[in-house]
Amino acid sequence: MLKNIILVIILNFCLLTFGQNEQTHLNDFFSKTEIEDLNMIADFFQMELCGKVDKAIFGDCLVSSIPQLLDWEQNFLENKIGWKKQKKLYSKISDTTFQKIWSICKAWRAIEPKYEYEELCFSFNNTFIDFVNNLQKSNPLIEAYSRSLENVGSFPFWRYFLNNVRDYPNKIDLKDRGVQILVAIHFLTLNDQAKRDKKAMRLEKRDLRKMNRNAKRINKKDCG
């Protein structure tokens, strides 16, 4: 009986300590309100991608979705995440939280037809950079991600990120709430960039179709 009581006390203490460590990790960089917003962002992304909110299956859902997310033709991400819902999410989070992550930037097409438009981009906020730098200490896969934010001021190319998640699962802990938040921010940024300006996306898709056609012609020529 006494042994059982001691075991229960130890288990409760371990659970309490784990919860404090996880919360303290976010508290080192964000206010209480910002943490609530970041959790809302992660939950929204998981609901849209997976159909339910459950931190325990976040990683499994992401990994199982990688083949579809990597498919250029399928537009899997755009079909999964509703644009109106995402805009509504923005209205629910504080301006402070939004500005810790994002800015609205001017973007230009370098090829014809030339076109200037607005695009969601990284805000270059030092607190968020410090948060990601801290994450990469226990998640080596995020090291390159961290460098891209700090040195280039942009989120890394998504295919590179997904390929690494698939190929080096031991280098990233998808059960880490901080990692889940970062993943959610990454893909919501992509979805925003795909939908904020429809003309820009139409032109980009047209360029991609042209590139694919040229690649097919080259392959046929080589085979022939």
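Since every read-out is calculated from the coordinates, none of them should be taken as a lab result. It should be emphasised that the depicted structure is a prediction, and the values quoted were computed from it without experimental measurement. Backbone-built Cβ (ideal geometry, glycine too); neighbour counts: all protein chains shown.
Results, tabulated for the structure shown:
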{"quantity": "Relative packing of peptides 151-162, 191-202 - highest average C-beta neighbours within 10 Å first", "calculated": "191-202, 151-162"}
{"quantity": "Degrees, to the nearest 10: 177-195 long Cα axis against longest axis of the chain", "calculated": "20 degrees"}
{"quantity": "Structure-derived Kirkwood radius over Cα pairs in Å - corresponding label in [x] 19.6; [y] 19.1; [z] 18.4", "calculated": "[x]"}
{"quantity": "Packing-based order for 137-143, 213-219, 38-44, using average beta carbon neighbours within 10 Å, highest first", "calculated": "38-44, 137-143, 213-219"}
{"quantity": "Lysines with Cα under 20 Å of Lys175, excluding same-chain neighbours fewer than 8 positions away", "calculated": "Lys52, Lys55, Lys137"}
{"quantity": "Using θ = phi - 60° and Karplus 6.51 cos²θ - 1.76 cosθ + 1.60, couplings along segment 75-88 (whole Hz; Gly, Pro as x)", "calculated": "6, 4, 4, 5, 6, 7, 9, x, 5, 5, 5, 5, 5, 5"}
{"quantity": "Of every Cα-Cα pair in segment 21-110, the percent that sits beyond 14 Å", "calculated": "73 percent"}
{"quantity": "Nearby aspartates and glutamates by direct alpha-carbon distance to Lys88 (threshold 20 angstrom, same-chain neighbours under 8 apart not counted)", "calculated": "Glu34, Glu36, Asp37, Asp43, Glu48, Glu78, Glu118, Glu119, Asp192, Asp197"}
{"quantity": "Extension gain from Ile57 to Tyr90, taking 0.36 nm per residue of separation minus the Cα-Cα distance", "calculated": "9.4 nm"}
{"quantity": "Reach of Lys210 by Cα under 27 Å, taken over lysines that are not fewer than 8 positions away in the same chain", "calculated": "Lys80, Lys106, Lys114, Lys195, Lys198, Lys199, Lys220, Lys221"}
{"quantity": "Segment Glu112-Ser31, extension gain: residue separation times 0.36 nm, minus the distance between their alpha carbons", "calculated": "24.7 nm"}
{"quantity": "Computed over segment 82-141, Cα set: Rg, Dmax in Å", "calculated": "15.4, 45"}
{"quantity": "Contour minus Cα-Cα distance for Lys221 and Gln99 (0.36 nm per residue)", "calculated": "38.9 nm"}
{"quantity": "Using alpha-carbon coordinates, inclination of helix 2-27 to the longest axis of the chain, degrees", "calculated": "40 degrees"}
{"quantity": "Structure-based [θ]222 nm, the chain - -39500 (n - 2.57) summed over DSSP H runs of at least 4, per residue, nearest 500", "calculated": "-22000 deg cm²/dmol"}
{"quantity": "Between helix 58-69 and the chain: long-axis angle, C-alpha atoms, 0 to 90°, nearest 10", "calculated": "10 degrees"}
{"quantity": "Trp102 long-range amide H proximity, modeled H, under 5 Å", "calculated": "Ser123"}
